[in-house]
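The values are calculated or read from the model by the stated rules, or taken from the named source; none is laboratory data. Quick caveat, the model's predicted, so the values are computed rather than measured. Reconstructed Cβ throughout: ideal geometry from the backbone, glycine too, with neighbour counts over all protein chains shown.
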């Protein structure tokens with residue numbers, strides 16, 4: 001019985017969240033749309049509590065070639081190491097969409113300018129007057 005109890009404690013301990021696990025900081029050093037050290041890759045890799053720091057030198061605009069992935073992790077911080085950063089959607093693509101149909105995360109964004117992006121509405125919904133949203 002003791003042996004079984006000891007094994008259960010070890011399994012539960014292994015599955016429990018790590019209280020000492022630190023959040024990760026992703027440093028974006030490329031203004032490319034995708035690939036290593038890009039904003040897109042950092043958004044894909046980020047988890048709850050992480051930080052994304054943009055440190056593109058010299059400062060260059062991030063020109064989007066497709067929609068960035070939506071931010072669905074909680075307590076994410078996105079900031080710029082020095083100065084400010086420009087993200088351009090070229091009037092075609094969505095930049096920083098926060099949340100999804102099932103998540104409403106808390107996100108902090110500092111010193112980033114987003115321009116020329118596409119705004120995409122929701123799929124609508126039900127109400128007394130009909131749904132809203134867009135494509």
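Can we say residue 71 is under 25 Å from residue 22 (Cβ atoms), modelled with pLDDT under 95, in contact with a helix residue (DSSP H, G or I) (Cβ under 7 Å, 6 or more places away or on another chain) and surrounded by 19 or more Cβ atoms within 10 Å (Cβ to Cβ)? Outline the logic, then answer.
Working: under 25 Å from residue 22 (Cβ atoms): yes; modelled with pLDDT under 95: yes; in contact with a helix residue (DSSP H, G or I) (Cβ under 7 Å, 6 or more places away or on another chain): yes; surrounded by 19 or more Cβ atoms within 10 Å (Cβ to Cβ): yes.
Yes.
Whether any residue in the stretch 42-59 is in contact with a strand residue (DSSP E or B) (Cβ under 8 Å, 6 or more places away or on another chain), farther than 22 Å from residue 118 by Cβ and exposed (fewer than 13 other Cβ atoms within 10 Å of the Cβ) is what I want to check.
So far as the stretch 42-59 goes, yes, one or more of its residues are in contact with a strand residue (DSSP E or B) (Cβ under 8 Å, 6 or more places away or on another chain), farther than 22 Å from residue 118 by Cβ and exposed (fewer than 13 other Cβ atoms within 10 Å of the Cβ).
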